[in-house]
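Take a look at the structure below.
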Amino acid sequence: MLNVYLFQILNGLGLGMIYFLISVGLTLIFGLLNFVNFAHGAFFLVGSYLCYTLVSLTGNFWLALIAGPLLVALLAWALERSLIQRIYHLPHTFQILVTLGIALIIQELSIMIWGPVGKSIPTPEALQGVVRIGNFAYPYYRLFLIGFSALVAVVLWLLLERTRFGALVRAGSESTEMVSLLGSNIFRLFSITFALGVGLAGLAGVLSAPLRGAHPFIGPEVLGLAFVVVVIGGMGSFTGALVAGLIVGVVQSLMTSLWPQGASLMIYAAMAVVILLRPHGLFGRA
Amino acid sequence: MTTKTLDTVAASPGRRRFKGRLGAGTTLAMLAVMVLLPLVLPSATLATEILIFAMAALACNLLLGFTGLLSFGQAIFFGAGAYISALAMIHLNAGLIGALLIAVVSGCVLALGVGMLCIRRKGIYFVMLTLALTQMAYFLAYTLSDWTGGDNGLLDVPRPPLAVGETTLISFASPLAFYALVASLFALIYVVARRITDSPFGSTLLAIRENEQRASALGYDTRLFKIMVFVLSGGITALAGALYGMLLNFVPLSNIELLMSEQILIMTIIGGTGSLFGSLLGAGAIVLLGDLLSSIWPRWMLLLGVALIAVVIFMRGGLWGGLSSLLERRRGSHTKPHKEAGHD
């Protein structure tokens, strides 16, 4: 019985790390660019489908793991340069509407390219099978998922806290004008951060593809969950995205066996309560 | 671009006079459209669907176009109106008027609750709150499958006749008769909404949209105004939902989905935020486009995405903005349509 809970908790941690990867990008973009990206879930979708294409073309998951997120980031960079840069100065309402349009376009294009039926992606060969500890068995791939995303989290933290780029992002979140006045190219910083944030959503899409496959209508669901995590953790907070992502993942995983719809109901109720009582979330700045 | 809001009905004196003339004109145009729709379109059912969504878009417009509130909550009222009226007909044997009244009242009550909660927050947090509540409503409807039918939808929704006691006065079994019912309700709502938006109440809403702090500093209880417009919008949207259930004889779960909110929003924006007639244009254009294209090109929603981006960036006034600036130019009005339609 205890093993069942351990299994669900580990699943929850994996799910939580996926949620973290999606939401940290959303929160970074919101923190620095003050930009609300309703197309974020759609980029997750692109990541999953790129994983499918790359794996079926080359048979190599590791290539997909590297190239998938990079391609998503490249797409985001191009989109930022051509369109999104023009709407930074608009109120959030307009940003939401434009990115909603982008999400719709990406979703429909994905269906045109990959078809309306979902695709499944095989678990990479090296990670098939299960780990056994006593009478407890756990799939390798899911362990790899937790480990790898934890590694990404650490690298990302170092990038934000220990590098010049990170310092600029953090400074820019405080005051973009000041950073710009001090002589940094704020627009380049914006483009890179946008590409990075969206690329992380793409990475989450690639990583979850062997478990859940790629589905054309997953975008809105992913976006909704990312907002739950970002709101509970606090908009713009790295730690918040990590902690809230893990909480939401574990709660959802534990509830799935008991009452799946109830899990979603509870998660969105929690989001509403947090906005009403503590709009800056667990770790956001007041 | 300096405009801070979804700006279409700019308030310069020239524009205002023109708007007055145009206002009377659009009411007539609206009535003409009502009569022509079922004649021009291949089926009365399609015409009915257009008017039902025009009703929902109009209600959305009161929030977004007139008060500046971008809410993803419209599906709550649309879905609740559909479910509650259908359940009242199925389990309580409610008649036509009873079912529609129950829908409107429950829409108003729900909107009162949702509005009171949501207006405690502004900007992005307001949007997020409406999004969270819609998701909650969806999962609630999904969970209560004994009542709502869950994923399968609520089946066998009747379309009751207008009756006194046991005597049937008017049956709405034929599509054209039902169209006539929906059209008269739409006309009624359109005229009432027009009166409301042209009244001092409507001007106060515009003031809140333009600058809430200033409106509040002038002594208006902006929270009260926002709650009232929520209630109004919720009641109308629920009525549209109830009529949609009767049209389809079925309430799908998608009625209460976030996607429904998005669809209503897109109709409102593409039609023209801040223009009631625009809502009719937007709903008409999108329902028609969907009907024409969905069989030959299932991915037609792609066009909606493109149109949405184009409207927000280049043509803030939507279809109505484009049409009215054309009309203005032809009348040789002195106002500059480009600037006023939000092209700045």
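Kindly list the number of the only condition in (1) more than 9 Å from chain A (Cβ to nearest Cβ); (2) surrounded by fewer than 21 Cβ atoms within 10 Å (Cβ to Cβ) that fails for B:Val157.
Every listed condition holds for B:Val157 apart from (2).
When you check B:Leu265 against the structure, is it in a helix (DSSP H, G or I), modelled with pLDDT of 95 or more and under 14 Å from B:Met55 (Cβ atoms), yes or no?
no
Being within 14 Å of another protein chain (Cβ to nearest Cβ) and closer than 28 Å to A:Leu246 by Cβ is true for just one of A:Phe35, A:Phe61, A:Phe43, A:Phe94. Which residue is that? Quick ask: steps written out before the conclusion?
Working: A:Phe61 fails: within 14 Å of another protein chain (Cβ to nearest Cβ); A:Phe43 fails: within 14 Å of another protein chain (Cβ to nearest Cβ); A:Phe94 fails: closer than 28 Å to A:Leu246 by Cβ.
Exactly one residue qualifies, and that residue is A:Phe35.
Which residues, taken from the range A:235-267, are at pLDDT 90 or above and over 18 Å from A:Ile18 (Cα atoms)?
Answer for the range A:235-267, where residues must be at pLDDT 90 or above and over 18 Å from A:Ile18 (Cα atoms): A:Leu265, A:Met266.
Given the options A:Gly68, A:Gly41, A:Gly59, name the one that is farther than 15 Å from A:Leu203 by Cα and either over 17 Å from the mean Cα position of the chain (by Cα) or of a type outside the set (Val, Ile, Thr) (or both).
Of the residues listed, the single one that is farther than 15 Å from A:Leu203 by Cα and either over 17 Å from the mean Cα position of the chain (by Cα) or of a type outside the set (Val, Ile, Thr) (or both) is A:Gly59.
Of all residues in the range B:244-255, count the ones that are assigned to a helix (DSSP H, G or I), crowded, with 24+ Cβ neighbours inside 10 Å and touching a Ser or Thr at 6+ places or on another chain (Cβ under 8 Å).
Adding up the residues that qualify gives 2.
Name, by its number, the condition in (1) under 26 Å from A:Val55 (Cβ atoms); (2) crowded, with 17+ Cβ neighbours inside 10 Å that does not hold for A:Leu189.
Against the list (1) under 26 Å from A:Val55 (Cβ atoms); (2) crowded, with 17+ Cβ neighbours inside 10 Å, A:Leu189 comes up short only on (1).
Checking A:Phe43 against (1) within 27 Å of B:Met267 (Cβ to Cβ); (2) in a helix (DSSP H, G or I); (3) touching a His at 6+ places or on another chain (Cβ under 9 Å), which test does it fail?
Failed condition: (3).
Does B:Leu169 fit the bill of being away from every other protein chain (no Cβ under 14 Å) and assigned to a strand (DSSP E or B)?
Spelling it out, B:Leu169 is indeed away from every other protein chain (no Cβ under 14 Å) and assigned to a strand (DSSP E or B).
Of all helices (runs of 4 or more DSSP H) completely enclosed by the range A:98-189, which ones contain at least 1 residues that are of a type outside the set (S, T, N, Q), away from chain B (no Cβ under 14 Å) and over 26 Å from A:Leu246 (Cβ atoms)?
So the answer is A:164-174, A:176-181.
With in a helix (DSSP H, G or I) and touching a strand residue (DSSP E or B) at 6+ places or on another chain (Cβ under 7 Å) as the only criterion, which of A:Ser56, A:Ser48 stands out?
Result: A:Ser48 is the single residue among A:Ser56, A:Ser48 that is in a helix (DSSP H, G or I) and touching a strand residue (DSSP E or B) at 6+ places or on another chain (Cβ under 7 Å).
Quick test of your reading of the structure: A:Leu6 fulfils all but one of (1) at pLDDT below 95; (2) in contact with a helix residue (DSSP H, G or I) (Cβ under 9 Å, 6 or more places away or on another chain). Name the failing condition by number.
Of everything listed in (1) at pLDDT below 95; (2) in contact with a helix residue (DSSP H, G or I) (Cβ under 9 Å, 6 or more places away or on another chain), A:Leu6 misses just condition (2).
Any residue in the range B:197-219 that is surrounded by 13 or more Cβ atoms within 10 Å (Cβ to Cβ), within 14 Å of another protein chain (Cβ to nearest Cβ) and at positive phi?
No, there is no match, as no residue in the range B:197-219 is surrounded by 13 or more Cβ atoms within 10 Å (Cβ to Cβ), within 14 Å of another protein chain (Cβ to nearest Cβ) and at positive phi.
May I ask you to list the residues in the range B:278-309 that are at pLDDT 90 or above, more than 27 Å from B:Tyr190 (Cα to Cα) and either in a helix (DSSP H, G or I) or among the hydroxyl-bearing types (Ser, Thr, Tyr) (or both)?
B:Leu293, B:Met301, B:Leu302, B:Leu303, B:Gly305, B:Val306, B:Ile309
Condition check: in contact with an Asp or Glu (Cβ under 6 Å, 6 or more places away or on another chain) and either within 14 Å of another protein chain (Cβ to nearest Cβ) or surrounded by fewer than 22 Cβ atoms within 10 Å (Cβ to Cβ) (or both). Does B:Thr222 satisfy that?
Working: in contact with an Asp or Glu (Cβ under 6 Å, 6 or more places away or on another chain): yes; either within 14 Å of another protein chain (Cβ to nearest Cβ) or surrounded by fewer than 22 Cβ atoms within 10 Å (Cβ to Cβ) (or both): yes.
The answer is yes for B:Thr222.
Which residue out of A:Leu156, A:Leu145, A:Leu97 is buried (at least 17 other Cβ atoms within 10 Å of the Cβ), closer than 19 Å to A:Gly205 by Cβ and in contact with a Leu (Cβ under 7 Å, 6 or more places away or on another chain)?
Step by step, each of A:Leu156, A:Leu145, A:Leu97 is checked, and only A:Leu145 is buried (at least 17 other Cβ atoms within 10 Å of the Cβ), closer than 19 Å to A:Gly205 by Cβ and in contact with a Leu (Cβ under 7 Å, 6 or more places away or on another chain).
The values are calculated or read from the model by the stated rules, or taken from the named source; none is laboratory data. These figures come from a predicted structure and were not determined experimentally. Positions of Cβ are generated from backbone atoms using ideal geometry, with glycine treated the same way; all protein chains shown enter the neighbour counts.
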